[in-house]
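Comments concern the structure below.
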Ligand code: GAL
């Protein structure tokens, strides 16, 4: 049901984009100050340890500078107090707008109050900032759909589904283990719920089994999206549940960094050989290491979220706000941050695997051939 609704929203967005008119707009944030040409914008990103956030930060900076703004770009290396300090500093420096990809979506409430007192609008970037009324807009991808795509791709890899979504030849039962993202990141729940909306009927009818029995979000979540934590959990699963020769055939992984950790645990336990192939392992972000792994037939798939588009969208949002206009949004109901529904702009995403990476990632100019060698 939920997926159908989201698909309908996406179709609507596409048709609105095609005719270029009647896009949904919302009121400008309270406390808005006009006349901000060339203003300083504060951009905070969670970490440099993941390739995607480096790309996000660089692209947001580039897009804002192309619109004539000055940019203070900060990375917090997944440390909450560091991000808190960076926001305090940016407010002190006199930024006119903040674009924030938070580490813990609930940990910066005081900074946001301070921003509000200083009439600084806030755009939540990729991850929703929770439990604060002082978030004006949200620029992100369709996070529920990402989860749907991850689970769909898992089923395609197992041949339970065909690539066109029709019923495949395989009947199972398949042994699958599930991983989820960081519990302090609102996106992680969206990915999980999206994936479970697809997997549930297959779990119910026994096509898919989870031999560890760990299917609840809390038991499978990986704090701060740490690859090492995922690797350790996979090691533990292999030694506890799969000791007696049982094989794991599929792993739902919500992020490429985790997939790399999971694959290395599998490798050190004898997977990745002709007699014991890797299970179908999913991912997200089309990070270089994972695309290479897909090309090498290790990781099965990833979800491509073109951060060049997200960067452009958030810079355009910032520009509209700073000029006294109204940013375009396309979803004003699904992203409740615990205090309010934040008007959101959701971008589309795509399953990438060994059959289409060339078209999706090389032809689109996201990577060069050399970068994937
Ligand atoms: C999420 C993001 C994913 C992935 C993950 C780990 O918030 O939406 O694309 O990057 O963080 O960094």
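Nothing in this text is a laboratory measurement; each read-out follows from the coordinates by a stated rule. What you see is a predicted model, and the numbers here were worked out from it, not measured in a lab. Cβ placement follows ideal geometry from the backbone for every residue including glycine, while neighbour counts extend to all protein chains displayed.
Below, the figures for the structure above:
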quantity	calculated
Burial ordering of 282, 368, fewest other beta-carbon atoms within 10 Å first	368, 282
Degrees between helix 2-19 axis and first principal axis of the chain (Cα, 0 to 90, nearest 10)	50 degrees
Between helix 256-268 and the chain: long-axis angle, C-alpha atoms, 0 to 90°, nearest 10	20 degrees
R0 of 30 Å, Cβ-Cβ distance residue 292-residue 269: FRET efficiency to nearest 0.05	0.90
Computed FRET value (nearest 0.05) for residue 332 with residue 40, which takes r as the C-beta separation and R₀ as 25 Å	0.30
Hull volume in cubic angstrom per residue (convex hull over the Cα atoms of the chain)	137 Å³
For region 143-304, the spread of Cα positions along each principal axis, largest first, Å	39, 36, 31
Separation of the residue 70 and residue 219 label points, Cα + 7 Å toward Cβ, nm	5.4 nm
Projected label distance in nm at residue 62 and residue 49, using a 7 Å step from Cα toward the beta-carbon	2.6 nm
Least to most buried among 152, 82 (fewest other Cβ within 10 Å first)	82, 152
10 Å-binned pair-distance histogram of region 125-215 (Cα, whole percent)	16, 42, 26, 13, 4, 0
Length-normalised contact order for region 255-305 - Cα pairs under 8 Å, 6+ apart - percent	42 percent
Mean ellipticity per residue at 222 nm, deg cm²/dmol - from DSSP H runs of n ≥ 4 across the chain, formula -39500 (n - 2.57)	-12500 deg cm²/dmol
Degrees between helix 51-66 axis and first principal axis of the chain (Cα, 0 to 90, nearest 10)	30 degrees
Length-normalised contact order of the chain in % [C-alpha pairs under 8 Å, at least 6 apart]	20 percent
Estimated FRET transfer efficiency when R0 is 35 angstrom, pair residue 77-residue 164 (beta carbons, to 0.05)	0.25
Contour excess over end-to-end distance, with Cα ends at residue 308 and residue 114 and 0.36 nm allotted per residue	66.8 nm
